[in-house]
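One structure is given below, encoded as structure tokens.
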Amino acid sequence: MELVCPAGGLPALKAAVDNGADWVYLGLRDSTNARNFAGLNFDEAALAAGVAYAHARRRKVLLALNTYPQAATWARWTQAVDLAAAKGVDAIIVADLGLLDYAHRTHPKLKLHLSVQGSATSHEAINFYHQRFGVRRAVLPRVLSLAQVENVVRHTPVEIEVFGFGGLCVMVEGRCALSAYACGDSPNTMGACSPGHAVRWEETPAGLESRLNRVLIDRYAPGERAAYPTLCKGRFEAEGATYYAIEEPASLNTIEMLPEFLRMGVRAVKIEGRQRSPAYVAQVTKVWRQAIDSLTRDAERFRPTPEWMAALNRHAEGSQQTLGAFSRPWK
Amino acid sequence: MKIALGPVLYYWSRTAIMEFYAGIAESPADIVYLGEVVCSRRQEMQLEDWLELADALAARGKEVVLSTQALTEGAGDMKLVRNVVHNGRFRVEANDMGAVSLLAGTEGWVAGPHLNIYNPQSLAFIMELGATRWVAPVEATREIARSVLKAQPLEAEVFAHGRLPLAFSARCFTARRFNLQKEGCEFRCIGFPDGMPLKTREGESFLTINGVQTQSARVYNLMQDLASLQEAGVTVLRASPQSQGTGDVLHAMRAACDGAGMPAASKDDNWCNGFWHARPGLERAA
Amino acid sequence: MKLLQLLPEAPPAHALSLALNAGFCLGLVARNDLEPLSGKTVSIETTDLGTRVRVVYDGIRFRAYLGSAPPDLTIRSTVSDFLALALRREDQDTLFFTRRLVMTGDTELGLVVKNVLDAIDWSRLPLPRPRS
């Protein structure tokens, strides 16, 4: 099983490689990827340096081109595909049908991974991308249960990658316009959910408030744990109750499911967090490397250690962890 | 300009649905989309019921399209999609790539609003597979519609009236409100014929919970944007059903398209049109 | 009142400005990455010592800010957490979730600062690395 880790910059890429990532995924400094945040990501020189660093250590680099291009800026995406091919990137992560078509025709040797933003939740959908574009791997949206994942794996020749750890979209990826509704920037078209320019944090007598384009997302009492200012993690009022109406702030952590993933033939686990620091990447990658090595040595006796869980728990949003859709007490 | 009525996104009783569509048969809607798009646990209507309704509406001169579920989670959901695709009588609106894979190579299906087609290249690809109508994503701007249709002229539909379907999840937020698990949801969403309002902690109406779907609280309304819709090449306007007043909305849309001038967009003030103007969706642009 | 609060603000602000400007000279930071900071003031405040350092970026270099206008961005944490961030021992979001790091004002500026600092490749400096 392969470990796929995030990098928002060269130091994070090095941290991922040094701590045992098999693949590092990254994005360019524009709207061609879903972490289009100010100052984050790679320019051409950094991409070249990152690929060289990873390849020298026999690791692979993935370029995420996982937003939906539009006519006026179409060339930005195709140039990014061309750049990936020219710089020796090992595979690209794509969601858009037109861009998959372009990449498949123009660079038949460039490996294609279907992005989670492609919202493919069935083997019918995944096999379609395989037949039409030769997609090698698909990243599953974080909405399927373990049994549903297994059913997909069983019915497709495409390698399946699942999310293992990190921030958690409650909505099907590629199918969420909440950020666009509140502030205009959408993951699909701009590569941004709740972008910094629309977010305001303010200390008020009522507590620390987070707002997205003036809409109050949440208000935190002193000492209360904070969350990302995304709509799905806010507290709202419905039918007279004020609560986390969509989801409590929590991070996904599926480390205890690794033996199941292995048994059902999941090819890779992915760590979320290109927006996070090299410190996060280093610490999380290290734990998951140890876990996968332990699993490979003896899957029967695999048990997550308290040290791993503690190390991961520190980084969790709201300092809570969840098995997400894989296990569904809420199902 | 044709007027389309999108699928009912809420869970209504069978009786309510039958009454609603009896009214729609008399309405100026040219196209009627039928079927359950949101949640497969909702079973007031089986496919046979929808087909019966479809026949009745077709007999009244409506073009009927059967819509497929937007988020499919397992083999059971895909079976429902397969049954809709192979209904043998009516056009199908694909709302997921699983449905597209089943429709590819057949002629005349509709590429639904949840397929994420934002550029001419993607539309060309989907047209090659046999799609003959494109429903733009709800967040599509005028520029997106215009640029796509300039390069790929095709029958094109835009979500023009109703609460915006903004997101889908595996989780049911209606069940969550009542501390119920999804599998034991007691079908609480049937008690909210227009969804469950969600307010901010400052009391501002913000979103609408509809089971696994999250909608806007404000009604999206493009009635003041007819000229730019036409200019962009849009040929079909979609209204999304609400429990009250849908007939009036359809009449107003028809009248507006026939040149009756700008209608008073909405009686209440709670409407928006931001997406079309490349603004935050909840905003209202002049 | 703590001793440090009695110290004037200017010397540490000058020192921080010098250090930030050195980042440009050494090629660690590209000026266009900081473009969004032009004309903006940033206040860095320690909650345990009660000190604050304010700097302004004029598009070319940082300098101490001693005016009275409210800062565009305020970053607040303890000295030890600031150090841990600087040494890349801590992740800013981790501190933020637990309220040990609070950023108020223009969040975009905060992200710029954070991402620029994260992108510095210390291995390009012929100096001892802060942490291997």
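Among the residues of the stretch B:130-170, how many are open to solvent by 10 Å² or more (accessible area, probe 1.4 Å), hydrophobic (A, V, I, L, M, F, W, C) and within 9 Å of chain A (Cβ to nearest Cβ)? Result for the stretch B:130-170: 2. Note on the stretch B:63-129: enclosed helices (runs of 4 or more DSSP H) holding 1 or more residues that are within 14 Å of chain A (Cβ to nearest Cβ) and farther than 23 Å from residue A:77 by Cα are B:75-85, B:97-103.
For the stretch B:240-258, the criterion of being touching a strand residue (DSSP E or B) at 6+ places or on another chain (Cβ under 7 Å) and surrounded by fewer than 17 Cβ atoms within 10 Å (Cβ to Cβ) is met by none of the residues. Taking strands (runs of 3 or more DSSP E) as the structural unit, those lying wholly within the stretch C:15-132 and holding at least 1 residues that are touching a residue at least 60 places away in the same chain (Cβ under 8 Å) correspond to C:40-46, C:102-106. Summed over the stretch A:137-178, the residues that are hydroxyl-bearing (Ser, Thr, Tyr) and within 9 Å of chain B (Cβ to nearest Cβ) give a count of 1. Every listed requirement among (1) open to solvent by 30 Å² or more (accessible area, probe 1.4 Å); (2) in contact with a helix residue (DSSP H, G or I) (Cβ under 6 Å, 6 or more places away or on another chain) is met by residue B:81 save one, (1). Among the conditions (1) away from chain B (no Cβ under 14 Å); (2) within 29 Å of residue A:277 (Cβ to Cβ); (3) within 18 Å of the chain's Cα centre (by Cα), residue A:95 misses just one, which is (1).
Put simply, of A:87, A:111 the only residue that is open to solvent by 30 Å² or more (accessible area, probe 1.4 Å), under 20 Å from the mean Cα position of the chain (by Cα), in the same structural domain as residue A:31 (by TED's automatic domain parsing) and not small (Gly, Ala, Ser) is A:111.
Taking the conditions (1) over 30 Å from residue A:323 (Cα atoms); (2) buried (at least 20 other Cβ atoms within 10 Å of the Cβ); (3) modelled with pLDDT under 95 in turn, residue B:274 satisfies each one other than (3). The residues of the stretch A:228-249 that are in contact with a Ser or Thr (Cβ under 8 Å, 6 or more places away or on another chain) and at the interface with chain C (Cβ under 10 Å from one of its Cβ atoms), listed by number, are A:228, A:229.
In the stretch B:84-114, which residue that is over 30 Å from residue B:59 (Cβ atoms) and without any contact (Cβ under 8 Å) to a residue 24 or more places away in the chain is most open to solvent (accessible area, probe 1.4 Å)? The extreme case among them is B:101. The condition of being of a type outside the set (S, T, N, Q), free of Cβ contacts under 8 Å to residues at least 24 places away in the same chain and out of contact with any helix residue (DSSP H, G or I) (no Cβ under 6 Å at 6 or more places or on another chain) holds for only one of B:180, B:229, B:129, B:164, that being B:180. Would it be correct to say that residue B:283 is modelled with pLDDT under 95, within 14 Å of another protein chain (Cβ to nearest Cβ) and either farther than 23 Å from residue B:25 by Cα or outside any strand (DSSP E or B) (or both)? So residue B:283 fails the test. Scoring residue B:225 on the criteria (1) away from chain A (no Cβ under 14 Å); (2) more than 22 Å from residue B:26 (Cβ to Cβ); (3) open to solvent by 60 Å² or more (accessible area, probe 1.4 Å); (4) under 20 Å from the mean Cα position of the chain (by Cα) leaves a single failure, condition (3).
Just checking, which of A:283, A:275, A:290 is touching a His at 6+ places or on another chain (Cβ under 9 Å) and open to solvent by 10 Å² or more (accessible area, probe 1.4 Å)? Going through A:283, A:275, A:290 in turn, the sole match is A:283.
The values are calculated or read from the model by the stated rules, or taken from the named source; none is laboratory data. Everything quoted here is computed from the prediction, not taken from an experiment. Here the Cβ is made from the backbone with ideal geometry for all residues, glycine too, and neighbour counts use every protein chain on show. When the accessible area is computed, the model is the full protein with side chains, heavy atoms only, and any ligands, DNA or RNA have been set aside. Shrake-Rupley method; radii C 1.70, N 1.55, O 1.52, S 1.80 Å.
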